[in-house]
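I have placed the structure first, in the form of structure tokens, so that the comments after it can refer back to it.
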Amino acid sequence: MAKASNQESSQTHSVVFENIAKKRAVPGVVSLTGAMSLSYMNSEAEELCHQVLQGQGVAANETMGTGGLPREIHELCHALQHEGEANHGSKDAEGIQLRRVIGETAHPILLRGFLIPGHETHEPRYLILMEKLGRRTQVPTDEAKRHFHLTDREHEIVMHVADGQTNREIAKLLDISEHTVKEHIKHVLRKTKSSTRTGILAQILRFS
């Protein structure tokens, strides 16, 4: 009976996660237990995880200790756990969510991590939604431009970075030198306190 009950519970969780994905128009759904063991993953999430791991040059046998998931997903869960412990017992714990951008700059993937607090005997769980970032969702907003004090040219270049274009491609499109593009990106990295182009996108997405 216990086994059947667990199966029913797992099926119920799967339906819930699928419904969340549909409502948020996010294709990838991953659920982990409080011990960070994989409890559910849909086919879309599996495909996105494979894409990330392939981009990192990680072989399948090297992911055995992480359940076949990119390390960034576990890192996000640890960050959610830390936030949950810091807000333990408060109403804020119910709404904890964090974002990360992973993958290659040309094909970034947005992770939205949610902490689902445990009640009484139930342990907390982690829900990760994975979304391919398209051109429409990456365009830096005017709010982001104001917040980071970007010039018009820097803002324009960030739009091209968000579109996955290289420095050479940006230089050609804007009819400026590649060196000038690199200098603008250096300024944007400093203003957004980022160390990579993907880091720039992660900062910009806060205002999308």
Net charge over other residues, Cβ less than 12 angstrom from the Cβ of Val101 (K, R count +1; D, E count -1): +3
Nonlocal amide H pairs with Ile96, under 5 Å, H built at 1.01 Å: Leu115
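For the cross-link pairs Lys132/Lys191; Lys145/Lys172; Lys145/Lys182, which exceed 21 Å when the distance is taken from alpha carbon to alpha carbon? Walk me through the numbers before you get to the answer.
Working: Lys132/Lys191 26 Å; Lys145/Lys172 23 Å; Lys145/Lys182 19 Å.
With Cα atoms farther than 21 Å apart: Lys132/Lys191; Lys145/Lys172.
Give me Ile128, Ile109 ranked fewest to most by other Cβ atoms within 10 Å of their Cβ, as a rough exposure proxy. List each step's numbers first, then the result.
On the way: Ile128 27, Ile109 21.
Going from sparsest to densest Cβ surroundings: Ile109, Ile128.
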5 Å-binned pair-distance histogram of segment 136-207 (Cα, whole percent): 3, 19, 33, 27, 14, 4, 0
Which of Tyr126, Tyr40 has the fewest Cβ neighbours within 10 Å, and the rest in rising order: Tyr40, Tyr126
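Coordinate-derived values only; no laboratory data. A quick note: this is a predicted structure, and the numbers were derived from the prediction, not measured. Here Cβ is always computed from backbone atoms with ideal geometry, including for glycine, and neighbour counts include all displayed protein chains.
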